[in-house]
1. Find the strands (runs of 3 or more DSSP E) located wholly in region 34-122 whose residues include 2 or more that are in contact (Cβ under 8 Å) with a residue 40 or more places away in the chain, and list them.
2. Give the residues of region 50-69 that are at pLDDT below 90 and open to solvent by 50 Å² or more (accessible area, probe 1.4 Å), sorted by residue number.
3. For region 134-174, how many residues meet the condition of being in contact with a Gly (Cβ under 8 Å, 6 or more places away or on another chain) and more than 19 Å from residue 33 (Cβ to Cβ)?
4. Scan region 70-82 for residues that are more than 22 Å from residue 125 (Cα to Cα) and open to solvent by less than 30 Å² (accessible area, probe 1.4 Å) and jot them down.
5. Can you name the strands (runs of 3 or more DSSP E) wholly within region 127-217 that have at least 3 residues being under 21 Å from residue 62 (Cβ atoms) and in contact with a helix residue (DSSP H, G or I) (Cβ under 9 Å, 6 or more places away or on another chain)?
6. Kindly establish whether residue 150 is open to solvent by 10 Å² or more (accessible area, probe 1.4 Å) and touching a residue at least 60 places away in the same chain (Cβ under 8 Å).
Amino acid sequence: MEKHFTDSRVKGVSTGTTILAAVFDGGVVIGSDSRASMGGEFVSSKTINKVIQVHDRIFCCMAGSLADAQAVTKTAKFQLSFHSVQMENPPLVIAAASVLKELCYNNKDELQAGFITAGWDKKKGPQVYVVSLGGMLISQPVTIGGSGSTYIYGYVDAKYKVNMTREECLQFATNALALAMGRDNVSGGVVNLVVITEAGAEHIVIPGDKLPTFSDE
């Protein structure tokens, strides 16, 4: 006999995740884990890159529904490319965050996606913005998001310092993501990091077996 599942049992792919961005002296680090989950119970992929480049020195991290987040970032990349041609200059980081905010806000009843936007521009240097699920926009020097973030708020509050060096910020971001991945069942895989400065963007991938370990693991 054929069985029909109810809508409550059909769960889409989401980025059960840990995402992070932090400003340091002269630049910004943005990063995430690489797992995608279905309903917070089943890990559907271990190799999702959630750090998306939307312009030369502007990146965003995705959280929420993977399909929704990918659709929003694809639209944002097109709009920012068109904006850059019109202005004959690279877009500002706040402009990229505002595009994501508008897309999330105007479609808040249909979308389940939030973003961290980070980048560098000539006007304000390194910046970090949070775009919430409903389309709220906030500027912060450091921010975390996703299901794994609930485990590391204390660590972030205690360890983040203004005007850290590049190396200090990379270690801070790596430790924070490793701690979250050790506790959150739908955060894991590898760590994807991007360092953004005036000189450009540098991608760093840290395999799971190379991440720092802690005494409780």
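1. In region 34-122, 51-55, 58-64, 113-121 are the strands (runs of 3 or more DSSP E) which contain 2 or more residues that are in contact (Cβ under 8 Å) with a residue 40 or more places away in the chain.
2. Once the filter is applied, which keeps residues that are at pLDDT below 90 and open to solvent by 50 Å² or more (accessible area, probe 1.4 Å), region 50-69 yields only 67.
3. So the answer is 1.
4. Within region 70-82, 72, 73 qualify.
5. 142-145, 191-197
6. no
The values are calculated or read from the model by the stated rules, or taken from the named source; none is laboratory data. Just so it is clear, the structure is predicted and the values come from calculations on it, not from any experiment. Cβ sites come from the backbone with ideal geometry, for glycine too, and all protein chains shown count toward neighbours. Quick note on the areas: whole protein, heavy atoms, side chains included, nothing else; ligands and nucleic acids left out. Shrake-Rupley method; radii C 1.70, N 1.55, O 1.52, S 1.80 Å.
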